[in-house]
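Bear in mind these aren't lab numbers, they're just calculated from the coordinates by the rules spelled out. Just so you know, these numbers come straight off a predicted model, no measurement behind them. Cβ placement follows ideal geometry from the backbone for every residue including glycine, while neighbour counts extend to all protein chains displayed.
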Amino acid sequence: MSSFLFPGEGQRVLKILPLGESTTEGTGDFPGGYRGVLREKLVAAGIPVDFVGSRTENSKGLADPEHEGHPGYRIDWLRTGKSVEGLSSSDPVDVILERFKPDVILLLMGTNNLYVDPAASAADEMKALLEGIFRTMPMVTVVLGGVTPILPGPKPWNCTVPEDVTPRVRDYNNRLATLARSFRSENRVVVYVDHSSCVTGPSDLMADGVHPLAVAMQRMAAAWFGALAGILRPAVSRMDVAGGMSASQGE
């Protein structure tokens with residue numbers, strides 16, 4: 001496990017980039033999704049944070065509204081940059097990282113790929129995205145989130161999710177966990193967070209059968225926080241490194 005090195009006094013603000021799709025932006029009855037609750041937990045734990053990103057959509061009432069959540073986006077669109085009329089517009093991920101220089105990335109992507117792509121293809125896209133992230137910021141910490149359950153059937157955005165989506169999601173999340181281990185073996189800081197249990201049944205999802213409701217978003221915030229708490233352990237000293245904060249590694 002990795003740990004950020006903080007000084008006992010004069011602790012600088014940790015820059016966190018929430019990076020993903022509509023679940024990162026937040027939907028339905030819970031503006032900001034997991035972001036607001038997660039920030040409250042971090043601040044209550046004495047960790048000064050600044051969420052960064054180019055967007056503030058769906059952040060009403062949040063003290064720290066910035067994020068990089070792009071509804072409807074596929075993984076490759078985020079990697080290369082994409083403008084989708086009626087949805088969102090993003091720069092390539094390397095441009096985003098160079099602009100905001102985050103210490104930590106909360107990465108949650110893949111749902112929109114899994115509507116049509118097999119898990120292996122979506123995982124390959126995630127690998128390419130992670131490789132691009134680490135080319136730009138070798139020392140950044142990535143907390144890689146698994147996607148939440150998806151119900152099959154027709155969706156309001158003119159898409160029919162296939163009946164095999166449940167094993168497809170499970171396969172994809174397993175591949176993400178394997179990816180995280182692979183990148184750690186190359187001395188990259190990647191921690192996988194399983195969100196599958198954050199949605200306990202259809203009642204935790206919006207009517208579309210995809211987007212988590214408030215109760216599930218709160219569980220997601222707790223899961224993100226649990227992962228972050230494991231890597232943001234205070235220490236006596238800190239060494240700043242270009243492109244991120246110094247991290248020590250162990251098991």
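Between the helical axis of 34-44 and the longest alpha-carbon principal axis of the chain there is an angle of about 20 degrees. Rounded to the nearest 500, the helix-only mean residue ellipticity at 222 nm of the chain stands at -11000 deg cm²/dmol, with each DSSP H run of n ≥ 4 adding -39,500 (n - 2.57).
Put in order of Cβ neighbour count within 10 Å, fewest first, the listed residues His70, His195 become His195, His70.
Could you tally the net charge around Phe225, taking each other residue with its Cβ under 11 Å from the Cβ of Phe225, Lys/Arg +1 and Asp/Glu -1? Spelling it out: positives minus negatives among the neighbours equals +2. Here Cα Rg over 2.2 N^0.38 Å was computed from the coordinates, and among (1) 1.46; (2) 1.10; (3) 0.95 the match is (3). If you fit an axis through the alpha-carbon atoms of helix 214-231 and take the longest principal axis of the Cα set of the chain, what angle between them do you get, 0 to 90°, nearest 10? Helix 214-231 sits at roughly 30 degrees to that axis. The angle between the Cα long axis of helix 119-136 and the longest principal axis of the Cα atoms of the chain comes to about 30 degrees, rounded to the nearest 10.
Students often get this wrong: which residues of the range 95-118 have the backbone nitrogen under 19 Å from the point 7 angstrom along Cα-to-C-beta of Leu151? Once the point is set 7 Å along Cα→Cβ of Leu151, 111-112, 114-116 turn out to lie under 19 Å by backbone N, inside the range 95-118. As a proxy for reagent exposure, ranking Met206, Met137, Met109 by other Cβ atoms within 10 Å from fewest up yields Met206, Met137, Met109. Considering only Ala44, His67, Pro31, and ranking their Cα positions along the charge dipole of the chain that arises from unit charges at the beta-carbon of Lys, Arg, Asp and Glu, the one farthest toward the positive end is Ala44. The count of lysine pairs in the range 14-232 with alpha-carbon distances below 28 Å, taking only pairs 8 or more places apart or on different chains, stands at 15. Using alpha carbon centroids, what distance separates the range 123-144 and the range 68-118, in Å? One Cα centre to the other: 12 Å. Hey, what D do you get for the range 13-82 in µm²/s if you plug the Kirkwood alpha-carbon radius into Stokes-Einstein at 25 °C and 0.890 mPa s? Using the Kirkwood radius from Cα pairs, D works out to 199 µm²/s. When both bridge partners sit in the chain, DSSP labels roughly 40% of those beta bridges antiparallel. Residues Ser22, Ser121, Ser203 in ascending order of nearby Cβ atoms (within 10 Å, fewest first): Ser203, Ser121, Ser22.
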